[in-house]
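Comments concern the structure below.
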Amino acid sequence: MNSLSLKKYAAVIAILIVLVMTVLDVTLVNVSLPVMAVNFGISDSQTVWIVTIYQLAITMLLLPLSSVGDLHSYKRNFLVGVALFTLSSALCAASRSFAMMLAARALQGVGAACVMSVNIALTRLIYPRQILGRGLALNAMVIAIATAAGPTIAGCILSVASWHWLFLINLPFGIVAFIIGRRLLPQNPPRESRLDFDWISAVENTVVFGLIFYSLGSFARKGNPTLAVVLLAVGIVAGVLYVRRQLGRPSPMLPVDLFGIRLYSLSIATSVCSFIAQNLAMISLPFMFLNSFGFNEITTGLLMTPWPLATMAVSPLAARFVERHNPGATAACGMAVYATGILLLLLLPDASVTEWNIAWRMALCGVGFGMFQTPNNIVMVIATPVARTGGAGGMQSTARLVGQTLGATVVTVAFAMISSPSKSVDACLYMAIGMAVVAGIFSLSRIAGVRGNRL
């Protein structure tokens, strides 16, 4: 049976509601940072912490919470996450000081990590294997919609109400998602044996990812370089100890056992490379549109929109396509299309710089990423045992965050080292093409392996 029952559709809606909430929460807050800086009487650099602490909390807790889900209950993780996210949204809206806002945002990050750590696992339990790709594509499409619509929604809210409503709108949606999820989300499949949660590994994971991501973010924000280097070095040393602890454990928090599955490890490497390529372009292209092409801020924002819209449109089509065709080959084609779009933007002659000529090239990039993302996620999921889906999904989200952070850091370094703004943008875009080519090669190397793991 390739269709979903009404109850399963409702369960899917609960997951999608929370996905929208967690994605929108980043874009909505980004737009409101200048307003919050005035409200709390702080500098622009300090307000960045409102975003940073949320992302740090997610990054540090994704894998430990994925392990909790694998060992106990994906459903419970989801419900706790929704409750925390909704409660902390109310606390953010009620914040009267910068310190209270940071505490509430950290709690929001914990709630988001709870949900993100089990999102893929729950999707795998809800959808039949034959149409799992459609479920993953629907998730990707919803994320693309929320990403594209976020700045517009934030602008509309701020035009008629205070920034507090950016958080208050989460409350009714969170309550609805909690009620639906409590009734309809599936429980974990039975395990042959019960394992204890590894608290030492959880602490090591938090320290490693916290230090590494904080130091990379410090480079991106042009913070104290000496401190950033020291923290990065300590994080790497702690990471070595962390990995050594994971080796040989029956259910490691960092899924080193899954890396022994060639198809899975290639998919993780592909994901990291693709998101480096994506962020290299997404961060540097606005500088091209503003400084090199002379467009204003509003037009630049509109020119960035075709990318997520095209990804949103192509993702479900790619999911249906790979039900009958090889996901590895499809993902490789997607990276080729993406690289072509970036190259066409780089080679755009000055005489041909018009909104239309930029828009269709941006859409081509989005088409390529949509062709890549869903098939890659499918390969990653089908390559792992069902009982380890939580850890696999947490690692998938971690790979995305690692790729995005590395991409942002490389852009910062390129802009600092290359004096010419136009040349620094060109360098970032050429590097984006290079990473897309690497991701495409990794995808091609999975073709034979995917044939043995058909949907």
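The values are calculated or read from the model by the stated rules, or taken from the named source; none is laboratory data. Just so we're clear, the structure is a prediction, and the values are computed from it rather than from any experiment. FYI the Cβ positions are ideal-geometry reconstructions off the backbone, even for glycines, and counts take in every protein chain you see.
Okay, here's what the table says:
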item: Residue identified as on the phi < 0 side of the Ramachandran plot, among the polar types (S, T, N, Q), in the same structural domain as Leu158 (by TED's automatic domain parsing) and under 17 Å from the mean Cα position of the chain (by Cα) among Thr47, Thr59; result: Thr59
item: Number of the condition not met by Asn453 [criteria: (1) within 28 Å of Leu71 (Cα to Cα); (2) modelled with pLDDT of 75 or more]; result: (2)
item: Qualifying residue in segment 297-309 (condition: within 10 Å of Thr374 (Cβ to Cβ) and assigned by TED's automatic domain parsing to the domain that holds Leu364); result: no
item: Complete set of residues in segment 79-116 that are hydroxyl-bearing (Ser, Thr, Tyr) and either touching a Pro at 6+ places or on another chain (Cβ under 6 Å) or assigned to a helix (DSSP H, G or I) (or both); result: Thr86, Ser88, Ser89
item: Breaking point among (1) out of contact with any Pro (no Cβ under 8 Å at 6 or more places or on another chain); (2) more than 23 Å from Ser267 (Cβ to Cβ), for Phe415; result: (1)
item: Filtered residues of segment 110-145 (kept if aromatic (Phe, Trp, Tyr) and within 16 Å of the chain's Cα centre (by Cα)); result: none
item: Flag if Ala202 is part of a helix (DSSP H, G or I), at pLDDT below 90 and surrounded by fewer than 22 Cβ atoms within 10 Å (Cβ to Cβ); result: yes
item: Residue check for Leu132: farther than 26 Å from Ala11 by Cα, touching a Ser or Thr at 6+ places or on another chain (Cβ under 8 Å) and in the same structural domain as Lys8 (by TED's automatic domain parsing); result: no
item: Odd one out for Ile169, checked against (1) without any contact (Cβ under 8 Å) to a residue 24 or more places away in the chain; (2) more than 30 Å from Ala310 (Cα to Cα); (3) touching a helix residue (DSSP H, G or I) at 6+ places or on another chain (Cβ under 8 Å); result: (2)
item: Which listed residue, of Arg124, Arg129, Arg134, is in contact with a helix residue (DSSP H, G or I) (Cβ under 9 Å, 6 or more places away or on another chain), within 22 Å of Arg320 (Cβ to Cβ) and exposed (fewer than 15 other Cβ atoms within 10 Å of the Cβ); result: Arg129
item: Whichever residue in segment 206-234 is of a type in the set (A, V, I, L, M, F, W, C), modelled with pLDDT of 85 or more and under 20 Å from the mean Cα position of the chain (by Cα) and, among such residues, is surrounded by the most Cβ atoms within 10 Å (Cβ to Cβ); result: Phe209
item: Elements of type helices (runs of 4 or more DSSP H) contained in segment 260-342, each with 2 or more residues being farther than 30 Å from Ile153 by Cβ and within 18 Å of the chain's Cα centre (by Cα); result: 262-287
item: Complete set of residues in segment 217-252 that are farther than 30 Å from Ala416 by Cα and hydroxyl-bearing (Ser, Thr, Tyr); result: Tyr242, Ser251
item: Segment 74-121: number of residues that are of a type in the set (Gly, Ala, Ser) and farther than 30 Å from Pro189 by Cβ; result: 11
item: Qualifying positions in segment 42-86 - within 26 Å of Ser162 (Cβ to Cβ) and without any contact (Cβ under 8 Å) to a residue 12 or more places away in the chain; result: Ser43, Asp44
item: Qualifying residue in segment 38-46 (condition: modelled with pLDDT of 80 or more and among the hydroxyl-bearing types (Ser, Thr, Tyr)); result: no
item: Residue among Gly328, Gly366, Gly341 that alone is farther than 30 Å from Ile298 by Cα and among the small types (Gly, Ala, Ser); result: Gly328
item: Filter result (out of contact with any Lys or Arg (no Cβ under 8 Å at 6 or more places or on another chain), assigned to a helix (DSSP H, G or I) and not aliphatic (A, V, I, L, M)) within segment 26-51; result: Thr27, Asn30, Ser32, Pro34, Asn39, Phe40, Asp44, Gln46, Thr47, Trp49
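Table: residues versus (1) modelled with pLDDT of 85 or more; (2) assigned by TED's automatic domain parsing to the domain that holds Ala436.
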{"residue": "Ile236", "(1), (2)": "yes, no"}
{"residue": "Gly239", "(1), (2)": "yes, no"}
{"residue": "Arg244", "(1), (2)": "yes, no"}
{"residue": "Gly260", "(1), (2)": "no, yes"}
{"residue": "Leu266", "(1), (2)": "yes, yes"}
{"residue": "Ala269", "(1), (2)": "yes, yes"}
{"residue": "Met288", "(1), (2)": "yes, yes"}
